[in-house]
Amino acid sequence: MENRERRRFEPEPKIWTPKTALGRQVKDGQITSLDAILTSGQSIAEAEIVDALLPNIRSETLSINRTTRIRDSGRVMSFQATVAVGNGNGYVGIGTGKALSVRDAIEKAVRKAKMSIMSIKRGCGSWQCTCGNPHTVPFKVEGKCGSVRIILMPAPNGLGISTGKTAKTILELAGINDAWLTTKGKTSTSMNFAKATVDALKQTNLKKGKMAEFGEAPKIEMVVETKEESE
């Protein structure tokens with residue numbers, strides 16, 4: 001008998017057809033940096049834009065909750081997923097999705113997380129460390145969502161992140177490897193805990209933006225005019 005090779009049918013890769021002007025500029029190569037989009041204040045309406053500019057981005061599922069809604073036809077069960085995305089080098093985003101199946105909910109959450117991605121500022125802000133590498137937050141920041149409060153403080157290199165899985169996953173996706181943390185409130189609510197962590201990371205850019213906006217105080221020169229007395 002002749003040996004017959006099994007044919008493996010692999011799904012064909014989807015071809016991205018941009019629907020927005022920003023997407024067309026990215027696909028044509030006019031925009032090659034994600035920072036150019038974020039600094040200009042343009043909103044990302046297509047997740048494929050992030051895939052094209054950050055090819056090494058990865059996603060992690062933070063929580064999956066089951067919800068039930070009562071309708072005329074009876075009870076309808078659906079799932080709500082919370083997903084975080086990041087490249088481990090200063091970019092992170094979070095999103096939630098709801099669908100009738102777990103897979104569809106995760107896919108929706110991943111797309112929303114990519115469209116809400118942001119850049120954060122990292123540094124070596126701990127007085128106990130002088131390595132100069134961007135491994136922790138540059139200064140103390142605080143984030144909140146609902147009853148959850150989280151405070152991130154700079155930590156020396158090698159300390160790690162001693163906290164729950166939700167915050168640790170987000171910080172690692174953002175590229176934060178060391179940090180002191182203090183939490184308050186109902187941290188068992190994964191969604192609020194995740195949003196509070198992202199809000200704390202967002203504060204690094206806000207302080208940076210304020211410093212860049214105001215800059216140094218202008219120097220005022222005093223000019224004193226003197227009149228010579230005529231004899």
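The values are calculated or read from the model by the stated rules, or taken from the named source; none is laboratory data. Since the model is a prediction, treat every value here as computed from it, not as a measurement. Ideal geometry is used to build each Cβ from the backbone, glycine not excepted, and the neighbour counts take in all protein chains shown.
For region 48-78: of the residues being hydroxyl-bearing (S, T, Y) and at pLDDT 90 or above, which is nearest to I31 (Cα to Cα)?
Step by step, filter region 48-78, then rank; the result is S59.
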Taking interchain pairs and intrachain pairs at least six residues apart, which have beta carbon atoms under 7 angstrom, with the first residue in region 181-193 and surrounded by fewer than 16 Cβ atoms within 10 Å (Cβ to Cβ) and the second assigned to a loop (DSSP other than H, G, I, E, B) and among the small types (G, A, S)? K186/S147
Tell me which residues, restricted to region 60-86, are within 13 Å of the chain's Cα centre (by Cα) and either surrounded by fewer than 19 Cβ atoms within 10 Å (Cβ to Cβ) or assigned by TED's automatic domain parsing to the domain that holds G175 (or both). E60
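Does C131 count as touching a residue at least 24 places away in the same chain (Cβ under 8 Å), surrounded by fewer than 15 Cβ atoms within 10 Å (Cβ to Cβ) and not aromatic (F, W, Y)?
yes
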Where S40 falls short, out of the listed (1) more than 22 Å from P134 (Cβ to Cβ); (2) in contact with a strand residue (DSSP E or B) (Cβ under 8 Å, 6 or more places away or on another chain); (3) among the small types (G, A, S): (2)
Filtered residues of region 50-64 (kept if over 14 Å from V92 (Cα atoms) and in contact (Cβ under 8 Å) with a residue 60 or more places away in the chain): S63
Taking the condition of being touching a residue at least 24 places away in the same chain (Cβ under 8 Å) and of a type in the set (A, V, I, L, M, F, W, C), how many residues in region 21-49 meet it? 8
Kindly indicate the residue of region 152-167 that is closer than 18 Å to K184 by Cβ and over 17 Å from the mean Cα position of the chain (by Cα) and also modelled with the highest pLDDT among those meeting that condition. M153
Of the candidates W127, W180, the one satisfying the condition of being over 17 Å from the mean Cα position of the chain (by Cα), at pLDDT 90 or above and outside the structural domain of L34 (by TED's automatic domain parsing) is W180
Meets criteria (modelled with pLDDT under 90, in a loop (DSSP other than H, G, I, E, B) and more than 26 Å from R66 (Cα to Cα)) for G209: no
